[in-house]
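Contents: one structure, followed by commentary.
The values are calculated or read from the model by the stated rules, or taken from the named source; none is laboratory data. The structure presented is a predicted model; accordingly, all values stated were derived computationally and were not measured. Methodologically, a virtual Cβ is constructed for each residue, glycine included, from the backbone with ideal geometry; neighbour enumeration extends over all protein chains shown. Accessible surface areas use protein heavy atoms only, side chains included; no ligands, DNA or RNA. Shrake-Rupley method; radii C 1.70, N 1.55, O 1.52, S 1.80 Å.
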Amino acid sequence: MKPAQLKELQTRLVGSASTSADMLDYFATDGSIFTIRPQAVVYPKQASDVVATVKYANELADKGQPIGITARGKGTDQAGGALGDGIMVVFPAYMNQLKQLHKETAVVEPGILYKSFQDILHSHGRFLPPYPSSIDFSTIGGAVANNACGEKTLKYGGTRDWVKSLKVVLADGSQIETRRISKRELNRRKGLMTLEGEIYRSIDSLITDNKAIIEQSGPHTSKNAAGYALKNVKRKDGSFDLTQLFIGSQGTLGIFTEATIATAAYNPKT
């Protein structure tokens with residue numbers, strides 16, 4: 001990224017942006033064997049920073065200078081999912097808060113450490129069951145992006161079974177909130193003349209037109225975290241939940257800025 005471009009991007013952010021060589025080298029690796037050096041690193045302080053970054057990337061693309069965006073937690077992914085050669089949006093620095101804690105649910109920002117969140121839940125007699133082996137240093141945002149699973153998954157299910165809703169920044173910079181909606185609400189959203197409406201129309205048609213293929217494509221295993229979970233989006237009653245499509249998509253469909261997650265009663269005796 002050119003100095004003038006970085007300066008322009010920084011003026012739009014509450015957080016910070018950098019092209020420091022040391023920083024770019026640091027974020028060129030993750031838990032995998034791969035090395036991909038980004039062009040710039042953004043530390044968002046709030047959702048509006050993510051929106052501003054996506055919109056600026058769109059402006060560059062319109063000028064014939066396309067640049068990718070990669071969302072990143074702590075970089076524990078072992079398949080290169082936290083790497084990209086464009087703008088790296090790094091969440092743990094600022095967007096790492098537990099925003100609300102209720103009896104059976106919690107609202108968190110993507111950069112919160114999984115262990116920190118788990119420790120808070122334990123103090124309230126709750127826990128989030130599908131924690132990965134990297135719980136000590138991974139983030140909730142990364143867990144959602146990867147549909148993280150762990151030693152208790154066979155009993156409790158994977159991450160996708162515990163996420164109730166997401167706030168997501170789409171490719172045009174618009175923000176949406178996903179959750180399971182009724183057939184009536186689905187029809188309303190399909191009528192929107194926005195990217196959100198286009199997504200609901202397209203995904204509903206994709207699922208309807210390819211129902212048999214989608215039903216037959218899933219592997220018959222006790223645990224499956226591979227691919228896009230189209231099978232989980234639409235139920236027989238017509239209810240619809242894009243959350244299930246975003247979970248496990250590794251940031252390829254949108255960037256999460258907030259998640260509402262269900263919790264379970266904690267039993268310290270395994």
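What the table shows:
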{"quantity": "Matching residues, the stretch 252-270, being over 21 Å from residue 231 (Cβ atoms) and either without any contact (Cβ under 8 Å) to a residue 12 or more places away in the chain or not in a strand (DSSP E or B) (or both)", "calculated": "263, 266, 267, 268, 269, 270"}
{"quantity": "Helices (runs of 4 or more DSSP H) within the stretch 74-193 that include 3 or more residues modelled with pLDDT of 95 or more, open to solvent by 70 Å² or more (accessible area, probe 1.4 Å) and in contact with a strand residue (DSSP E or B) (Cβ under 7 Å, 6 or more places away or on another chain)", "calculated": "none"}
{"quantity": "Failed item in (1) open to solvent by 70 Å² or more (accessible area, probe 1.4 Å); (2) among the hydrophobic types (A, V, I, L, M, F, W, C); (3) under 28 Å from residue 136 (Cβ atoms), with residue 4 passing the rest", "calculated": "(3)"}
{"quantity": "Flag if residue 61 is under 27 Å from residue 167 (Cβ atoms), open to solvent by less than 20 Å² (accessible area, probe 1.4 Å), in a helix (DSSP H, G or I) and at pLDDT 95 or above", "calculated": "no"}
{"quantity": "Of all residues making up the stretch 175-211, the number that are within 12 Å of residue 230 (Cα to Cα) and among the hydrophobic types (A, V, I, L, M, F, W, C)", "calculated": "3"}
{"quantity": "Positions within the stretch 208-254 being in contact with a strand residue (DSSP E or B) (Cβ under 7 Å, 6 or more places away or on another chain) and either among the polar types (S, T, N, Q) or open to solvent by less than 20 Å² (accessible area, probe 1.4 Å) (or both), in sequence order", "calculated": "233, 239, 240, 241, 242, 243, 246, 247, 254"}
{"quantity": "Unmet requirement for residue 61, which otherwise passes all of (1) free of Cβ contacts under 8 Å to residues at least 24 places away in the same chain; (2) within 30 Å of residue 263 (Cα to Cα)", "calculated": "(2)"}
{"quantity": "Residue in the stretch 198-207 that is aromatic (Phe, Trp, Tyr) and either assigned to a loop (DSSP other than H, G, I, E, B) or modelled with pLDDT under 90 (or both) present", "calculated": "no"}
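This table checks each residue for (1) among the hydrophobic types (A, V, I, L, M, F, W, C); (2) modelled with pLDDT of 95 or more; (3) open to solvent by 50 Å² or more (accessible area, probe 1.4 Å).
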| residue | (1), (2), (3) |
| --- | --- |
| 18 | no, yes, no |
| 21 | yes, yes, yes |
| 26 | no, yes, yes |
| 37 | no, yes, yes |
| 42 | yes, yes, no |
| 50 | yes, yes, no |
